[in-house]
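Structure, as structure tokens:
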Amino acid sequence: MIEKEEQKQDIGKLILIVVCIFSLLFASNLILRTTPTNGQAISTQSESEQSSDEAKAQQKPKAEMVPVTDQDIKVRKFPYPYQSMLAISSDIDSTSLAEFEDYHRFLNTKEKTPYGQGLGLDIADSAWMYIADNYGDKLDHEGHSLVNSMSYFQGVNPKVPKDADKIIHYYKAGWIDSLHTFGDFSRNDKKLLFSRELADLAWKEMRTSGFMPEVWINHGTETNVQNFGAYNPKGFSFYQAGDDPKSPYYHTDLTLGNGIKFVWNSVGMSQFSYDDPLFPIKLRDGKQVWGFYRYAYDMAAGKRIWTWEVHELPRQFNKAHLDELAQNEKYSVVAQHLGKGYEALAFNTNDVQALQLLKKYQDDRKILVARTERLLNYDRVNHYIRFSVLQSEGKFYINLTKIEDPVLGESTPILEDVRGLTFYVNDPGQYTLLINSVPIPDQEIQRNGADKSGKQSIGIKWFEPDYTDYTRMN
Ligand SMILES: [Zn+2]
């Protein structure tokens, strides 16, 4: 009896599995194809994407959803309604965990802070894995030394975590998006303490913990041999060894293999805004990665005046710069060292006013402030998104098919890749957006009236603002 009961249960399970498989097949057919008419499922593939055999097979029955060739749909440069985008790209030099938490509460949340009400801006920072600096500089107003800098591991010991849990927490919260190389290897005794083994162990730990930034920012002096991206044997960057396969400090196979897409190569710029801050870098190991420009100094009487120090914020965020950015519809990535001050408060009154001015430009819909990774990825996708326009029963479909990135290679977009993308169309109500023939949920779509160009548009919503005070959620 027991055996028969088990057999019955087994047959029951088998039937259930078969039913489930059929249901799944049926459901996926409905999801992948849209607008069935006359009982026919309609493919949304454009003719140019089909092989000739496939095209013949699709000729009968005739597809209802047909490519539209007489519409020249342009991608808006920035997410509606903004005219420009700006990121603050902050190096984590001389910053303790307490300082980091203090100033990010002001930048990212809307809480009451020692600097006034929080700004609620999307500003992320960088982080280090190791600290080997022996310059003896002060870290903060309490006189701590640089050994106490915010870092994942204690010193150069990959077996002893220091601020690892906090760095993972703030990375997941969006307050950290960049790796300031593997660490601070600045040394006054010229010792080279970085090694490929430290890089390897760092990436192993990062893969396990999920701390996987896509942005790399070079750091410091010539003992930071892990730097890469601007090697020139006759230039200031002669020491850069991270991308040299013959060097014991080679690591770009690991670093690019683990997801670094965007690199600041140590070359600062005096130009504040760019049409496109990305440029391709060919590395010595034959790999390619995106470089990006950071505004870091002004020129005065033939001299460089570095503006990337925290109390130079008013030189960076003033009416002239911000108007230039918005009116010319450009991108700006502004280099900073937000936590480098030694006073009890990170920002003085002038710094706070400069940051408040930046917020006003976002409130006035002139500048979208976004973390570096989001700005660079938006720029990349905006340039290299490929799409087709289709029509069925008087409705139009913009089908996003791929990101044809000439540096990182071709990829299939997901929703997070295409956030903010906006298309100028005559009548947004007549349009739907698809990713590889799958409709993007309507709550993620934004239909916009005319902007100052006089054109209406439809787009995918930008990331929801997040004002959460993550310092309370440790
Ligand atoms: Zn640095």
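The values are calculated or read from the model by the stated rules, or taken from the named source; none is laboratory data. Here the structure is a predicted model, which is why all the values come from computation and not from measurement. Ideal geometry is used to build each Cβ from the backbone, glycine not excepted, and the neighbour counts take in all protein chains shown.
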Problem - Criterion: crowded, with 19+ Cβ neighbours inside 10 Å and within 16 Å of the ligand (Cβ to nearest atom) - qualifying residue of TYR82, TYR130, TYR115 - result: TYR130
Completion exercise
Of the residues in the range 431-444, those that are over 13 Å from PRO413 (Cα atoms) and either touching a Lys or Arg at 6+ places or on another chain (Cβ under 6 Å) or of a type in the set (Ser, Thr, Tyr) (or both) come to TYR431, THR432, GLU444
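I'd like the full set of residues that are in a loop (DSSP other than H, G, I, E, B) and closer than 25 Å to ALA320 by Cβ, limited to the range 251-304.
Once the filter is applied, which keeps residues that are in a loop (DSSP other than H, G, I, E, B) and closer than 25 Å to ALA320 by Cβ, the range 251-304 yields VAL267, SER270, GLN271, PHE272, SER273, ASP275, ASP276, PRO277, TYR293, ALA296, ALA301, GLY302.
Quick one: which residue in GLN45, GLN59 is under 22 Å from ILE398 (Cβ atoms), at pLDDT below 95 and either of a type in the set (A, V, I, L, M, F, W, C) or not assigned by TED's automatic domain parsing to the domain that holds ILE167 (or both)?
Answer to the check: GLN45.
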Fill in the blank from the handout: Residue hits (the range 72-124; in a loop (DSSP other than H, G, I, E, B) and of a type in the set (D, E, K, R)) are ASP72, LYS74, ARG76, LYS77, ASP91, ASP93, LYS110, GLU111, ASP122
Handout entry: Residue check for ASP140: in the same structural domain as LEU254 (by TED's automatic domain parsing), touching a residue at least 40 places away in the same chain (Cβ under 8 Å) and away from the ligand (no atom under 14 Å from the Cβ)
Key = yes
Problem - Residue list for the range 168-187, restricted to those being more than 16 Å from the ligand (Cβ to nearest atom) and either in contact with a strand residue (DSSP E or B) (Cβ under 8 Å, 6 or more places away or on another chain) or at pLDDT below 95 (or both) - result: TYR170, TYR171, TRP175
Handout entry: Those residues of the range 347-361 which are within 21 Å of the chain's Cα centre (by Cα) and farther than 14 Å from ASP323 by Cβ, in sequence order
Key = LYS359
Fill in the blank from the handout: Counting only residues in the range 194-220 that are assigned to a loop (DSSP other than H, G, I, E, B) and away from the ligand (no atom under 16 Å from the Cβ), the one surrounded by the most Cβ atoms within 10 Å (Cβ to Cβ) is identified as PHE211
